[in-house]
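Engineer: First the structure, which I've put down as structure tokens, then a few questions once you've had a look.
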Ligand code: BQF
């Protein structure tokens, strides 16, 4: 079993980005600048946004965190986005999800300028990605692709099973794994809440990508010997072992499957850190547009 070390790989990517930013600045160029909007005070969202701001500092980007109150109206939020859209000093904009229930996420994402949509969630971005046109690939799928690439995992002609069809992970990674490129050229099956025979279908997977958000859902009887397993799940549970009083669980029962697989991502330290690194990569690309 080889661990797909997202922590180390993301640090490698951050070093590469920092080197490039250094070159840009030394040649009189401008630092990439990411703006992040955080609405309300959801604990997990705060953690994620703080991680993104810290990562920006680490690679030499400018960042602006805009905190807005939970009770902000949809129109007020749209106005904040428009201000950033027309601000030439800002290259990339993310709106941390989920948003409060009274705000329509679709409407908000549609407001983000596609040139600054470094999360790649705008419908035009997803369309461009699907058609293999220039786009920002959403950070989590991009992180999975980058891990597969850096560990030289064979994907052509392989059975790739994706559990979950979310617009942010399952749907885009399915499209990417089926594309005519590397990583890609896989035979992709998407499993979801209405799927039947989930265990049997998973058992045929050479590459299993799990993004459904159910802790320890995948067990060894669902795994083909020698499979590569990518675990996107992060469920927070209380723990009497850790200092913080909680820990993260993946969608894969790691201890149960680890002796059966060729490659596997840990949780934490697998796909999560890669997501942050790929957001930085997209922001660097946006700054070059
Ligand atoms: C790690 C996210 C669900 C909903 C909205 C490192 C992150 C997570 C884990 C992180 C995520 C998940 C992010 C680890 C960003 C990934 O060490 O395992 C980093 O910050 N993520 C998000 O912004 O919004 C989410 C998951």
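The values are calculated or read from the model by the stated rules, or taken from the named source; none is laboratory data. The model shown is predicted, which means the values in this text are computed figures rather than measured ones. All Cβ positions, even for glycine, are placed from backbone atoms using ideal geometry, and neighbour counts span all protein chains on display.
Engineer: Six or more apart or on different chains, Cβ under 9 Å: which pairs go from a residue in the stretch 84-101 that's closer than 22 Å to residue 69 by Cα to one that's at pLDDT below 95 and within 14 Å of the ligand (Cβ to nearest atom)? Could you list them?
Structural biologist: Close Cβ pairs satisfying both conditions: 96/42; 98/42; 100/42.
Engineer: Name the helices (runs of 4 or more DSSP H) wholly inside the stretch 121-232 in which the number of residues that are buried (at least 23 other Cβ atoms within 10 Å of the Cβ) and touching a residue at least 60 places away in the same chain (Cβ under 8 Å) is 1 or more.
Structural biologist: Hits in the stretch 121-232: 139-150.
Engineer: Related question: Looking at the stretch 249-267 only, could you name the residues that are away from the ligand (no atom under 16 Å from the Cβ) and part of a loop (DSSP other than H, G, I, E, B)?
Structural biologist: 253, 258, 259, 260, 261, 262
Engineer: If you don't mind, there's one more thing I want to ask. Quick test of your reading of the structure: residue 52 fulfils all but one of (1) modelled with pLDDT under 95; (2) within 12 Å of the ligand (Cβ to nearest atom). Name the failing condition by number.
Structural biologist: (1)
Engineer: I'd like the residue in the stretch 1-20 that is under 30 Å from residue 226 (Cβ atoms) and more than 16 Å from the ligand (Cβ to nearest atom) and, out of all such residues, is farthest from the chain's Cα centre (by Cα).
Structural biologist: Checking each candidate, the answer is 1.
Engineer: Which count do you get for residues in the stretch 31-78 that are part of a helix (DSSP H, G or I), touching a strand residue (DSSP E or B) at 6+ places or on another chain (Cβ under 8 Å) and under 20 Å from residue 105 (Cβ atoms)?
Structural biologist: Residues meeting the conditions: 7.
Engineer: Going through 28, 23 one at a time, which residue ends up being outside any loop (DSSP other than H, G, I, E, B), away from the ligand (no atom under 16 Å from the Cβ) and out of contact with any helix residue (DSSP H, G or I) (no Cβ under 8 Å at 6 or more places or on another chain)?
Structural biologist: 23
Engineer: Say we look at the stretch 268-289 and pick out the residues that are within 23 Å of residue 121 (Cβ to Cβ) and part of a loop (DSSP other than H, G, I, E, B); which of these is modelled with the lowest pLDDT?
Structural biologist: So, considering only residues that are within 23 Å of residue 121 (Cβ to Cβ) and part of a loop (DSSP other than H, G, I, E, B), the one modelled with the lowest pLDDT is 289.
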